[in-house]
Amino acid sequence: SNRVEAWTRDVDFLLRQEGRPMVNLTGDRKHVRVMEADWRNTDKAVNWIKEEAINLTQPFVLYLGLNLPHPYPSPYAGENFGSSTFLTSPYWLEKVTYEAIKIPKWASFSEMHPVDYYSSYTKNCTGEFTKQEVRNIRAFYYAMCAETDAMLGEIISALRDTGLLKKTIVIFTADHGELAMEHRQFYKMSMYEGSSHVPLLVMGPGVKEQQQIPNVVSLVDVYPTMLDIARIPVPQNLSGYSLVPLLRGKAENEVSPRGPRPSWVLSEFHGCNVNSSTYMLRTGKWKYITYSDGRSVLPQLFDLSDDPDELTNVAIKFPVIVHSLDKILRSIVNYPKVSSSVQEYNKRQFISWKQSLGQNYSNVIANLRWHQDWLKEPKKYENAIDKWL
């Protein structure tokens, strides 16, 4: 489903691809271990620390990947739907202060950026939502974060109990955020802060305590950071920069033998739930988002110091800033060229997939995640695909 949706996003149609976001309360006030698979992996990691790591003479690295606080699969929406169920137990939900939950402001459909409208529609978020529904989705998400936090606590406790905490660096981060109904969306696949701004927490020897580092940094920095911690020479051709100098509270100009880290971070996305290749440049207070070839879809510019909720696109108001940020972006990545090659790739992949199905193509495509919409007017959508091809 994901691949076909990403390949066909240049087709001029709107199809809902996800289950509608919803909440599900399970168990009772004693039900602590909601995400059992994550807890099993956490237990394995804790046991390994207590039984293996404690006896090692060489330094170790332990990687623990958790699925939480990712929403759960949504069986109510049929087997081809994604994960749109926010699930927790009363034990965790009671840790959330409902009154403190901010209800995000939404633009009207007519004011929405065309890429936002497509994303909202494909994520099944264009229907009616009461304030209570939105508040619940956000509350359940925070409860899922609390459960994740407890797993991290187990790891830190195990390191403390074995005496390893004083000589172990702990890094906690994530691959994406959760919009949780900001901008009338849930999930990820967006350059808004809710999706692209991820936690990055570090503790351990040599890390200055209680500091918040204001610099924009990127997940590509994690790899050179880990090499640096392990005293392994960092290859010169990496996109990222070691965070160790920043973590130790050093000044920027002492940061790297490769020269200072760039003042920007880049993100790009070409997958499903977005009808255009998307590029983001963050630098200082500005966030610049541009799409496709840079001309056919309007870019967005947000002043995050003035507008942290990213509700006012000021691209038309500040053409000089747009021009200078676009110039920086093009010096990093030739994005119109990348977008064009992605479009060619999508068409090529779709054609070879379609050919592999032969006569069965229509049946298979009618059973993808979007089947409820597709089956209303299958001929219309088949014709749209033929026209695109």
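The values are calculated or read from the model by the stated rules, or taken from the named source; none is laboratory data. What you see is a predicted model; the values in this text were computed from it and never measured. As a convention, Cβ positions derive from the backbone with ideal geometry for all residues, glycine included, and neighbour counts pool all protein chains shown. Keep in mind that these areas ignore ligands, DNA and RNA; they rest on the heavy atoms of the full protein, side chains included. Shrake-Rupley method; radii C 1.70, N 1.55, O 1.52, S 1.80 Å.
General observations
- Enumeration of residues in the stretch 126-146 that are open to solvent by less than 20 Å² (accessible area, probe 1.4 Å), free of Cβ contacts under 8 Å to residues at least 60 places away in the same chain and under 19 Å from residue 16 (Cβ atoms): 134
- Considering only residues in the stretch 243-258 that are open to solvent by 20 Å² or more (accessible area, probe 1.4 Å) and part of a loop (DSSP other than H, G, I, E, B), the one that is modelled with the lowest pLDDT turns out to be 256.
- Qualifying residues in the stretch 274-283 (those that are of a type in the set (A, V, I, L, M) and either open to solvent by 10 Å² or more (accessible area, probe 1.4 Å) or more than 14 Å from residue 3 (Cα to Cα) (or both)) - the one nearest to the chain's Cα centre (by Cα): 280
- Note on the stretch 88-115: residues that are under 18 Å from residue 144 (Cα atoms), surrounded by 14 or more Cβ atoms within 10 Å (Cβ to Cβ) and not small (Gly, Ala, Ser) amount to 8.
Each row is one residue, and each column tells you yes or no for (1) in a loop (DSSP other than H, G, I, E, B); (2) among the β-branched types (Val, Ile, Thr).
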residue	(1), (2)
282	no, no
288	no, no
296	yes, no
301	no, no
306	yes, no
314	yes, yes
321	no, yes
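- Considering the conditions (1) assigned to a loop (DSSP other than H, G, I, E, B); (2) at pLDDT 95 or above; (3) basic (Lys, Arg), residue 376 is excluded by exactly one of them, (2).
- With respect to the conditions (1) touching a strand residue (DSSP E or B) at 6+ places or on another chain (Cβ under 6 Å); (2) of a type in the set (A, V, I, L, M, F, W, C); (3) in contact (Cβ under 8 Å) with a residue 24 or more places away in the chain, residue 321 lacks only one, and its number is (1).
- Of the criteria (1) surrounded by fewer than 18 Cβ atoms within 10 Å (Cβ to Cβ); (2) closer than 27 Å to residue 286 by Cβ, which one residue 123 fails: (1)
- Residue within the stretch 90-100 that is over 30 Å from residue 312 (Cβ atoms) and hydroxyl-bearing (Ser, Thr, Tyr) present: yes
- Search result, residues across the stretch 339-367 that are open to solvent by less than 70 Å² (accessible area, probe 1.4 Å) and at pLDDT below 90: 358, 361, 362, 365, 366
- Matching residues, the stretch 64-78, being under 19 Å from the mean Cα position of the chain (by Cα) and open to solvent by 60 Å² or more (accessible area, probe 1.4 Å): 67, 73
- Qualifying residues in the stretch 312-338 (those that are small (Gly, Ala, Ser) and open to solvent by 40 Å² or more (accessible area, probe 1.4 Å)) - the one farthest from residue 106 (Cα to Cα): 331
- Hits in the stretch 368-382 - residues which are open to solvent by 90 Å² or more (accessible area, probe 1.4 Å) and not hydrophobic (A, V, I, L, M, F, W, C): 372, 376, 379, 380
- Filtering the stretch 170-184 to residues that are touching a residue at least 60 places away in the same chain (Cβ under 8 Å) and under 8 Å from the mean Cα position of the chain (by Cα) leaves only 178.
Residues are listed down the side, and each one gets a yes or a no for (1) open to solvent by 60 Å² or more (accessible area, probe 1.4 Å); (2) under 21 Å from the mean Cα position of the chain (by Cα); (3) within 18 Å of residue 176 (Cα to Cα):
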site	(1), (2), (3)
266	no, yes, yes
272	no, yes, yes
288	no, yes, no
297	no, no, no
302	no, yes, no
307	no, yes, no
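- Qualifying residue in the stretch 159-178 (condition: open to solvent by less than 60 Å² (accessible area, probe 1.4 Å), of a type in the set (A, V, I, L, M, F, W, C) and part of a helix (DSSP H, G or I)): yes
- Flag if residue 16 is open to solvent by 40 Å² or more (accessible area, probe 1.4 Å), under 30 Å from residue 341 (Cβ atoms) and under 23 Å from the mean Cα position of the chain (by Cα): yes
- Selected residue (criterion: nearest to the chain's Cα centre (by Cα)) from residues of the stretch 198-229 that are in a helix (DSSP H, G or I) and of a type in the set (Ser, Thr, Tyr): 223
- Taking residues in the stretch 63-84 that are over 16 Å from residue 199 (Cβ atoms), and partners anywhere that are assigned to a loop (DSSP other than H, G, I, E, B) and acidic (Asp, Glu), the pairs with Cβ atoms closer than 7 Å and at least 6 places apart or on different chains are 81/18; 82/18; 84/18.
- Within the stretch 179-195, the set of residues being open to solvent by 40 Å² or more (accessible area, probe 1.4 Å) and not basic (Lys, Arg) comprises just one member, 182.
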